[in-house]
Structures are given as C-alpha cells and as structure tokens.
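None of the figures in this text is laboratory data; all of them are computed from the coordinates on show. It should be emphasised that the depicted structure is a prediction, and the values quoted were computed from it without experimental measurement. Every residue, glycine as well, gets a Cβ built from its backbone with ideal geometry; the counts of neighbours run over all protein chains shown.
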C-alpha cells in the first residue's frame, strides 16, 4: 500500500512536461487496448464466417442458390461471401450480355473479386498501423520524459553548494516512471500487432486461394455452357 501511494506521489510531484508525457502514454495505452479487444472480435468473426461459407460452398450447393442466400443478407456478410458475391455477380452480368468471350468473362469476374478482396483486406488491416506506431514510439516517448525529468532534477542542483543523491533521487524516480509507462504501452501493442498481422495474412491468403479456385470453377462453367 505504501509502495502504491509512493508511486502516485511521484507522478503528482513530477514536472509538467513529464506529466504530459505520462498522459500521452496513458491515452495511447487505453486506445491500444480498445483496438486490441475490437480487432480480436473482428478477426475471430472473419475466421468463423470463412469456415461456415467454405463449408456451404464445397457442400455441392448450386452457385445460383448460394448467391441468392448471400444476397439476402443485404450487406451483412463479409470476407469470402463478399468475394464470392462480387465474382459471381460480375460473371452472370457479363455472360448475360453475350458480347464477350469466355476468357474475358472470367477475367472480369476475377477483377471484381480482386476489388472485393482489397476492400476486405483494408477492413482487416484497419487500425493495425496504430498498434505498430504505439509499439515503436512509446518507449522513445517515455525515454524523452525520463531525460527531461533527469535534466530538470540536475538543473535544480545548480545553486546548491553540496549535492547528495538524496536530493536528486526523487526527481530521477519520477522521471523513470515515464520510461516504465512507455514500456507498458508498447509491449502489448507490439504483441497484438504481430499476432493480428499473422492472422490477417492467413485470412488474405485464404481469400486469394478461394479466388483462384472459384475462378477455375467459373472458367469450367463458362466453357461448358458455351459448348452446351
């Protein structure tokens, strides 16, 4: 209890610049944890949605029927559903026009799927750059507060005839709290960024593989329809 009280006293007694640095680090830490919890839910939901959709897609359901099921969600779906919906919608539209070759129709569907994948990737990567920024800059921000606090402590000894460690110890302790807060903000942000980046990369690879497989299916369907 005395230790906690002492820490609070050191924070309250710190210089205005060190307090400002601590406030910035505290806000960065709070924002990081909010993003971490939200991003964890989003990525878990994206993986769950991808599993469910792939199970339906490879179950043998007709593409027209699957497209109708996805369309009825009225934009609530995401991930693979959006990639599939964009590709099949463009494929059907171009094929109904009847003015393009089979290869051009499939290429148009692939372009639509790439656009959908870009949108989904942007959504998955949203706010990851903030975590990376917090993780890389927080230790230096804390170090700046520490350097400023130590400099202020030693500057106060300019008019003292006999300096002792007891005179500068409180000021140095106050300053070192800024470094500790910098690490407190940076470590979770770095760990979360690495974890989420890996999850996003695996999901993007999963979307890319699905696009290639679905393009092959559309290519076979286009040629079989033309021959029929």
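Fewest first, what order do 136, 49 take by the number of other Cβ atoms within 10 Å?
Placing the least packed residue first, the sequence is 136, 49.
Need the full-extension length gain, residue 132 to residue 48, defined as separation in residues times 0.36 nm minus the C-alpha distance. One decimal, nm.
27.7 nm
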| request: List the residues of the range 80-103 whose backbone N lies under 11 Å from a point placed 7 Å from the Cα of residue 61 along the Cα-to-Cβ direction. | output: 81
| field | Full-extension gain in nm, residue 172 to residue 118, via 0.36 nm per residue minus C-alpha separation | value | 14.5 nm
| query | Exposure proxy check: 197, 138 ranked by fewest other beta carbons within 10 Å? | reply | 197, 138
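Got a sec? How would 20, 84, 57 order by Cβ neighbour count within 10 Å, fewest to most? If you can, show how the numbers build up before the last one.
Details: 20 14, 84 24, 57 18.
Fewest-to-most Cβ neighbours within 10 Å comes out as 20, 57, 84.
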| request: Subtract the Cα-Cα distance of residue 194 and residue 68 from 0.36 nm times their separation in residues, and report this length gain in nm to one decimal. | output: 41.6 nm
| FRET efficiency for residue 205 and residue 183, using Cβ-Cβ distance with R0 set to 30 Å, rounded to 0.05 | 0.35
